[in-house]
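**Q** Here you go, one structure.
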Amino acid sequence: MAGNAEISGARGPSNFSAEAVAELNEIVSHYPEARAAMLPALWIAQREYGGEITSEAISEVAWRLGRPVVEVEGVATFYTMYHLGKRGRRHLEVCTCLTCAVLGAADTVRALEDRLGIKVGQTTPDGEFSLAEVECLNWCEAGTVVQVGGRYYGNVTPDNVDALIEAVRTAADATATAQADGIVKVHLGKAGASVSPSSQAESFDG
Amino acid sequence: MSAELVNIVINGVPLTVPAGEMIIESARRIGVEIPHFCYHPRLSKEAGANCRMCLVEVSAPRRNPDGSVVVAKMPKPQTSCSLPASEGMVIETETPAIVEARRGILEFLLINHPLDCPICDRGGECPLQNNTLHYGPPTTRFVEQKRHLPKAFPLSDYVVLDRERCIHCARCTRFSGDVAGDAQLGFLKRGADMEVSPHTGERFTSLFSGNTIELCPVGALLSRSYRFRGRPWDLMTQKSVCTQCSNGCNIKLDHRAGRFVRVNARVNEAVNEEWTCDRGKFGMEYLARDDRLQAPLIRRGARFEQATWDEALAVVARALGDAGAKSAFLGGTRSANEDLYVVQRLFREVLASNNLDHRMGPDFVAVGAGAMASDGRPTPPVSFGELEDASVFVAFGADMAWEQPMAYLRLRKAWRRGTIRLVSVAAKGSAEDERPNSLASMAAAVVRHDAGHEVEAAWLMLRQVVAAIGSDDPLTDEVRRQLAGVKLSPEAIGCSPQELATAAAVIVGEAPAEPTATGKLAIWIGETAVRRPGMKDILAALGAVAALSRYDGRVSVPATEVNEQGARDLGISPDTGPGYRAVRPAGLNTAAILSGVADGSVRALWISGTDVVGRYWDPPAAIRALEACPFLVVTDLHLTPTAQMADVVLPVASVAERNGTFTNVEGRVQQFLKAYDPPSGVRQEWRIAMQVAARLGSAMHYASSREMLADIAATVPIYVGCGPDALGDEGKRWFAEEVAGQ
Amino acid sequence: MGELRVLLEHRDTPGIETLDVYRSTGGYEGLARAVSMSRADVIAEVKASGLRGRGGAGFPTWIKWQGIPADAPMVRYVVCNADEGEPGTFKDRELMLKQPHMVVEGMAIAGYATNARYGFVYIRGEFLESAQAIRRAIDEAYAQGYLGPGVCGSSHSFDLFVHMGAGSYECGEETALMSSLMGERGQPRAKPPHAPLPVISGLWQRPTLINNVETYSCVPHIIRRGGAWYASMGTERSKGTKLFSVSGHVKRPGNYEIELGTPLPELVELAGGVTGGSLKAVIPGGSSVPILTAAQCGDVRLDYESCQAAGTMLGSGGFMVFNEHTDIVALMHVTARFYAHESCGKCTPCREGTRWMYQIFRRITAGQGRPEDIDLLLSICNNIDGRSYCPLGDAAAWPIRASIQRFRDEYEYWIANGTSPLGATATPKVS
Ligand SMILES: Cc1cc2nc3c(=O)[nH]c(=O)nc-3n(C[C@H](O)[C@H](O)[C@H](O)COP(=O)(O)O)c2cc1C
Ligand code: SF4
Ligand code: FES
């Protein structure tokens, strides 16, 4: 098995807070290999680096997990939820997949573009909002569905996009950093305390 | 792979193969080549089976609920590159369904592949081009926008990447991650946007990057130096050996119109498997340099003048003849065995001088043979195979991936297999720690000490091992005395006691997860240690470490230059002749020769192929000596700094321009063959030596390197098994058993 | 036949997401009972129930459980596939959000039955709300001794972790899920006949059981009320009940639990019937399964076998209803875009083929279609189907091929006229 030692953990950028490092260490303890904490580590990074996975963030995850940088970049660029460029503090993701499309997602997108004064893929000048189309969010019963940060909003139509924008403006969990923080937190809990990597590797094997 | 055999049928032909063998390999046994791209037997299977070109139809026995067994056809075709053979499997590789499947896969691979074959370096030797010819669709049905990506993107000084041509087979990424271990190449993004790349903004600095060029099944990864230099079909190729280090990688030397063009790896399972390192693959470019010496040069005052060979040889013969026993020879570590054998005969038999040496370090301990057996019989150096099978390997003062590239790849292979534990001992800030390919990155123990304290580090290691074993039983009183004299603490040389203790535990064989109680321990002493005073102590201390270890331990000072081992074996030493026969009286060693030219005890010096000014451990001393040298003749390809100080410079033929043999770091004698004619004005070193001897009235009669090798095999005991007919393409390690009779 | 609530019986009970309320409905009785039985007996109950995987493949659950070498001296893992990414499916989301303890209990039982020491719930990154519900349930379960050392006072210990994805449909494929869980790009791993099943060599080469959220949710009921009871529901070969996520042109979209074998039209009625016009087509099992024409729908029963017979699949139960204004070509344009976007890129046919098909659809719906494009699409489907590394490739080909076979005239109209056959009322709108 490719252990952490394989690429010597040359230190690099160090912008994780002490709390973040503690969180990472606990999450690492859930697995027999530090590498398995790659996705959570990138979530921590997305929070610690202000809602964006920068090249620095990738380097920090790499040395903290003792993995090759290109491997971390490969993972970060594979998954769609890691923000590899600057986005708005509140990133509106409109589902335009099957059911939502059939129920008029396209019109909802246009309406949001008008209200926010930006096109899909753009960010408002004040950096508050950005807009994107995404594939199925799997809450089709409530099409058109819009995800903002960690929260789903259902039955969005051109007629109620204003209400949506208002709700989002104030919702605490609607920011990219709040979302990343929420995702990091669900990894943590009692389970963490009871297990250490060694106990995983050795409790039965040996 | 288990040794169990299974019976399978491929295209109606029944055959028996090892269980678990990949079907694509089994098919080869009956001459069926299944087209493929991503498959490579030396690359990991996990990231493979992605190109889908090697699909075959498979039927396999299935047990019914009622216990009866039927051979049922699998609903989907299977990739033969990842399909392990199992009892009763029936394979079809040429059915209409498979023919159609291949056409479909090739169409997919081609829709986004640029149509620039005419200007692609891979053209003519491109698996994609060839497979398309045999199995591809007649025309394209693709009318959409092709994928557009940067072309000719430089990854490093050696490699360019054309992302449009990439077919995402993951060969290069698997090589860099698994085989070379630098893990500098990976895939970014996903789906049709997936790209092979180093980390954005970084370069591909691997010491083994060149291999990816040969592994790439299209023209996506190309050599910057070879780019647009030639087309495969107008290249000629010759079997040769890389001259850039002692590992002696087997290479294909490609040339056109009498000029070197490029190097590709030549398979030799015992040596380089099918790899090369960048030092070699790109370092061989020196053969194409324009500043080759074309004729002999004789110094007239401050400058050189071109001379005829007659003039030059006359001068050299006179000078050496006059000096007689006061003549000396230095270098030879880049010369062929044949050159060395004749040269040492000239000095020993004609000039009656034993003043020959090839060593450029400060100490002159006997390291030639791997070791001297108790009966005084030389034992050959450690082989790559033995290295791979060792239980523990210690690199002491070595920058392994750079100094011993193929040894490094073997060690990494063993490490991935989990059968070896590695220890790296080196000075802080040593090159090793800057490399993308380093032993330390795999090591079970890494010891770092302040620069210049190799000797202390060795003694401390011994002390730690004695402590770990709890006894110093087999040690000689001499070593005990020296050890007792070692008072300093690890901290005193900036080395952590924990690191030292971990290393000792691994070496002694006490660590947990110990693979085998028995096994071999190999300790290799590298360049940094060799080029500093103290080798005697280091050998004494580490020799004791090897003796104490529970493993069967052995210390080596591996050769680093292409034929350094040959120079050791064939007696380019003051105290041992060919085959390590002791010579009396012993001649002068390198240090004595250099001081001798100053004080007159050496009157004429021949330096061969070694830039002493650059290689001697104490360059100022070398320069002072050579300036004072009464007569200096240098044989070389180029006007090196050393050659510039000579009285006569004789141009010699390169490895591409002649036949001959080198002996690699394992003591393996390997042939290289002439690729093209030398420039008219140069000669082979052994001819030069013969012509000098003749001028001094002692003719030697060799017509070819083959005759010389035959003579070497006949007269040098350890080379008895290495005659011209014994070598073949794989070469042959010398061995001393043959001596027993004599 | 018809609606029959087992998993959803208490979906509207206030506080059902809390441990106390869940327990008041018989929650954790299944786990308590399981640990009092032998591992073999627990698996026997699951076998008797006839439960089949609810994640899409419909593989008999007990065979997987049985396949785990429960006594071998090594770590074993139990994984819950909560990546729910199949377009049209939203049942796992509700189960985790509303009844997280049911999922946790099911995993704990599976952990006991397979002698697994650790469990992971792999939840897609978008499902933060569901994940938070699962997190709370796990913490409550630890506090009450249903998880951790000595589950339910037994000698069996089981630790359960949450692992979040980050945006990739492919990570729902079980081997890609394992790659993702081990920190890699979400690309699939070798399977039989090329490598052992996950139950033999899964996460970190250890035996690994992977089931779907709904599959695990069935288990507490089966153990508590007996496999025979569960098997008494459904048809001969499709036992029990199944959740269907009904969406699209219906009055009351949502999750419905019906007895397997229920006639398809009954489910449409349960959801309040078709809105906005007459029924045109149904995709019964998520975007990956072949589409059915209204005419075909009449006599299809919702069980694995009769769906198969009708040339489609039950899949994950993503039941999408489309009225007469639905533009099938536009619908498939969206489908093709989805698979091109989600292809992991590892293998040639899917990486290149899905993008190519999407390019062709873009051209057709931009009025640039050519007559030969229809057969070209069919041919591309055939060149992907069965040749890709993992089933995503097949899943990308099936719906397109079926749509051409069943609605070829609409393709021809688009190509001939450069516009939708349904005129201004057409939905969905694309490009
Ligand atoms: C592309 C693809 C996506 C999948 N997505 C999911 C998913 O989101 N959830 C799921 O439970 N199974 C999914 N599956 C099926 C899983 O591979 C696996 O069969 C299932 O999790 C097994 O659990 P079960 O036996 O309980 O159904 C997917 C399969 C494929 C090929
Ligand atoms: S079919 Fe191939 S490219 Fe597509 S998801 Fe599977 S492995 Fe990846
Ligand atoms: S060679 Fe077998 S899939 Fe590529």
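The values are calculated or read from the model by the stated rules, or taken from the named source; none is laboratory data. On a predicted model such as this, the values are computed, not experimentally measured, just so you know. Here the Cβ positions follow ideal geometry from the backbone for every residue, glycine too, while neighbour counts run over all protein chains shown. In case anyone asks, the SASA skips ligands and DNA or RNA and just uses the protein heavy atoms, side chains included. Shrake-Rupley method; radii C 1.70, N 1.55, O 1.52, S 1.80 Å.
**Q** Pick from the stretch C:183-234 the residues that are among the polar types (S, T, N, Q) and away from ligand 2 (no atom under 16 Å from the Cβ): which of them is nearest to the other protein chains (Cβ to nearest Cβ)?
**A** So, considering only residues that are among the polar types (S, T, N, Q) and away from ligand 2 (no atom under 16 Å from the Cβ), the one nearest to the other protein chains (Cβ to nearest Cβ) is C:Gln205.
**Q** Any idea which of (1) surrounded by 23 or more Cβ atoms within 10 Å (Cβ to Cβ); (2) within 16 Å of ligand 1 (Cβ to nearest atom); (3) under 30 Å from A:Tyr82 (Cα atoms) is the one C:Lys191 doesn't satisfy?
**A** Condition (1) is where C:Lys191 drops out.
**Q** Here's another thing I want to ask about it. Scan the stretch C:201-214 and give yes if some residue there is within 15 Å of ligand 1 (Cβ to nearest atom), surrounded by 18 or more Cβ atoms within 10 Å (Cβ to Cβ) and farther than 28 Å from C:Leu160 by Cβ, otherwise no.
**A** For the stretch C:201-214, residues within 15 Å of ligand 1 (Cβ to nearest atom), surrounded by 18 or more Cβ atoms within 10 Å (Cβ to Cβ) and farther than 28 Å from C:Leu160 by Cβ: absent.
**Q** Another question, if that's okay. Sort through B:Ala414, B:Ala431, B:Ala440 and tell me the only one that's surrounded by fewer than 23 Cβ atoms within 10 Å (Cβ to Cβ), modelled with pLDDT under 95 and more than 14 Å from chain A (Cβ to nearest Cβ).
**A** Answer to the selection: B:Ala431.
**Q** Of all residues being away from ligand 3 (no atom under 16 Å from the Cβ) and charged (D, E, K, R) in the stretch C:154-210, which is farthest from B:Val90 (Cα to Cα)? Just the residue, please.
**A** Of everything passing the filter in the stretch C:154-210, C:Asp159 is farthest from B:Val90 (Cα to Cα).
**Q** OK, next. List every residue pair whose Cβ atoms lie under 8 Å apart, where the two residues are 6 or more positions apart in sequence or sit on different chains, the first residue falls within the stretch C:152-165 and is within 14 Å of another protein chain (Cβ to nearest Cβ), and the second residue, located anywhere, is polar (S, T, N, Q).
**A** C:His156/C:Asn115; C:Asp159/A:Ser194; C:Gly165/C:Ser180
**Q** Give me the residue from the stretch B:27-65 that is of a type in the set (Gly, Ala, Ser) and out of contact with any helix residue (DSSP H, G or I) (no Cβ under 9 Å at 6 or more places or on another chain) and, out of that set, nearest to ligand 3 (Cβ to nearest atom).
**A** Checking each candidate, the answer is B:Ala49.
**Q** With the requirement that a residue be surrounded by fewer than 24 Cβ atoms within 10 Å (Cβ to Cβ) and more than 7 Å from every other protein chain (Cβ to nearest Cβ), what does the stretch B:178-195 give you?
**A** Hits for the stretch B:178-195 are B:Asp178, B:Val179, B:Asp193, B:Glu195.
**Q** While we're looking at this one, here's another question. Residue check: is C:Ala82 within 12 Å of another protein chain (Cβ to nearest Cβ), in contact (Cβ under 8 Å) with a residue 40 or more places away in the chain, crowded, with 24+ Cβ neighbours inside 10 Å and more than 13 Å from A:Trp139 (Cβ to Cβ)?
**A** Yes; evaluated as a whole, the condition is true for this residue.
**Q** Applying the selection to the stretch B:673-693, what residues are part of a helix (DSSP H, G or I) and either among the hydroxyl-bearing types (Ser, Thr, Tyr) or over 22 Å from B:Lys239 (Cβ atoms) (or both)?
**A** Matches in the stretch B:673-693: B:Arg687, B:Ile688, B:Ala689, B:Met690, B:Gln691, B:Val692, B:Ala693.
**Q** Ok, one more. What pairs come up if the first residue lies in the stretch C:275-304 and is open to solvent by less than 10 Å² (accessible area, probe 1.4 Å), the second is charged (D, E, K, R), and their beta carbons are under 7 Å apart, counting only those six or more places apart or on different chains?
**A** Here the result reads C:Gly286/C:Glu86; C:Ser287/C:Glu86; C:Ile291/C:Arg406, each pair linking the stretch C:275-304 to a residue that is charged (D, E, K, R).
To keep it simple, each residue is scored yes or no on (1) in a helix (DSSP H, G or I); (2) more than 24 Å from the chain's Cα centre (by Cα); (3) within 14 Å of chain B (Cβ to nearest Cβ).
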site	(1), (2), (3)
C:Ser316	no, no, no
C:Phe319	no, no, no
C:Gly345	no, no, yes
C:Gly393	yes, no, yes
C:Ala396	yes, no, yes
C:Ile400	yes, no, no
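**Q** Inspect all residues belonging to the stretch C:127-146 and state whether any of them is within 16 Å of ligand 2 (Cβ to nearest atom), free of Cβ contacts under 8 Å to residues at least 40 places away in the same chain, within 12 Å of chain A (Cβ to nearest Cβ) and part of a helix (DSSP H, G or I).
**A** No, every residue in the stretch C:127-146 fails to be within 16 Å of ligand 2 (Cβ to nearest atom), free of Cβ contacts under 8 Å to residues at least 40 places away in the same chain, within 12 Å of chain A (Cβ to nearest Cβ) and part of a helix (DSSP H, G or I).
**Q** Looking at the stretch A:98-121 only, could you name the residues that are more than 18 Å from A:Arg169 (Cβ to Cβ) and not in a helix (DSSP H, G or I)?
**A** A:Leu103, A:Gly104, A:Lys119, A:Val120, A:Gly121
**Q** Quick check: is even one residue across the stretch C:219-227 open to solvent by less than 10 Å² (accessible area, probe 1.4 Å), in a loop (DSSP other than H, G, I, E, B) and touching a residue at least 12 places away in the same chain (Cβ under 8 Å)?
**A** The answer is no; no qualifying residue exists.
**Q** Would you pick out the residues in the stretch A:73-91 that are within 8 Å of another protein chain (Cβ to nearest Cβ) and not acidic (Asp, Glu)?
**A** Matches in the stretch A:73-91: A:Gly74, A:Val75, A:Thr77, A:Phe78, A:Tyr79, A:Thr80, A:Met81, A:Tyr82.
**Q** Return the only residue of B:Phe175, B:Phe204 being under 27 Å from B:Arg42 (Cβ atoms), more than 12 Å from every other protein chain (Cβ to nearest Cβ) and open to solvent by less than 10 Å² (accessible area, probe 1.4 Å).
**A** The conditions single out B:Phe175.
**Q** Hey, among the residues in the stretch C:41-55 that are of a type outside the set (Ser, Thr, Tyr) and open to solvent by less than 30 Å² (accessible area, probe 1.4 Å), which one's nearest to ligand 3 (Cβ to nearest atom)?
**A** By that ranking, first place goes to C:Gly53.
**Q** Can you tell me which residue is farthest from B:Phe282 (Cα to Cα) among those in the stretch B:212-234 that are out of contact with any Lys or Arg (no Cβ under 8 Å at 6 or more places or on another chain) and buried (at least 16 other Cβ atoms within 10 Å of the Cβ)?
**A** Taking the candidates together, the pick is B:Leu221.
**Q** May I pose another question? Here is a check on your reading of the model: is B:Arg463 over 35 Å from the mean Cα position of the chain (by Cα), over 16 Å from B:Trp524 (Cα atoms) and either assigned to a loop (DSSP other than H, G, I, E, B) or basic (Lys, Arg) (or both)?
**A** Taking the combined requirement at face value, the residue does not satisfy it.
**Q** Now, a different point. Residues that are modelled with pLDDT under 95 and away from ligand 1 (no atom under 16 Å from the Cβ): does the stretch B:27-39 have at least one?
**A** Looking through the stretch B:27-39, none of the residues is modelled with pLDDT under 95 and away from ligand 1 (no atom under 16 Å from the Cβ).
**Q** Considering only the stretch A:22-62, state which residues are over 18 Å from the mean Cα position of the chain (by Cα) and either outside any helix (DSSP H, G or I) or free of Cβ contacts under 8 Å to residues at least 12 places away in the same chain (or both).
**A** Matches in the stretch A:22-62: A:Ala22, A:Asn25, A:Ser29, A:His30, A:Tyr31, A:Pro32, A:Glu33.
**Q** Any idea which of (1) basic (Lys, Arg); (2) free of Cβ contacts under 8 Å to residues at least 60 places away in the same chain; (3) within 27 Å of C:His194 (Cβ to Cβ) is the one B:Arg165 doesn't satisfy?
**A** The number of the failed condition is (3).
**Q** Turning to a different aspect of this structure: Going through the stretch C:390-414 one residue at a time, which ones are out of contact with any helix residue (DSSP H, G or I) (no Cβ under 6 Å at 6 or more places or on another chain), open to solvent by 20 Å² or more (accessible area, probe 1.4 Å) and not polar (S, T, N, Q)?
**A** Answer for the stretch C:390-414, where residues must be out of contact with any helix residue (DSSP H, G or I) (no Cβ under 6 Å at 6 or more places or on another chain), open to solvent by 20 Å² or more (accessible area, probe 1.4 Å) and not polar (S, T, N, Q): C:Pro391, C:Trp398, C:Arg406, C:Arg408, C:Asp409, C:Glu412, C:Tyr413.
**Q** Now a separate question. Hey, among the residues in the stretch B:40-93 that are modelled with pLDDT of 95 or more and among the acidic types (Asp, Glu), which one's farthest from ligand 1 (Cβ to nearest atom)?
**A** Among residues in the stretch B:40-93 that are modelled with pLDDT of 95 or more and among the acidic types (Asp, Glu), the one farthest from ligand 1 (Cβ to nearest atom) is B:Glu87.
**Q** Taking B:Glu164 and the conditions (1) among the charged types (D, E, K, R); (2) in contact with a strand residue (DSSP E or B) (Cβ under 6 Å, 6 or more places away or on another chain); (3) within 14 Å of another protein chain (Cβ to nearest Cβ), which numbered condition does it fall short on, given that it satisfies the others?
**A** (2)
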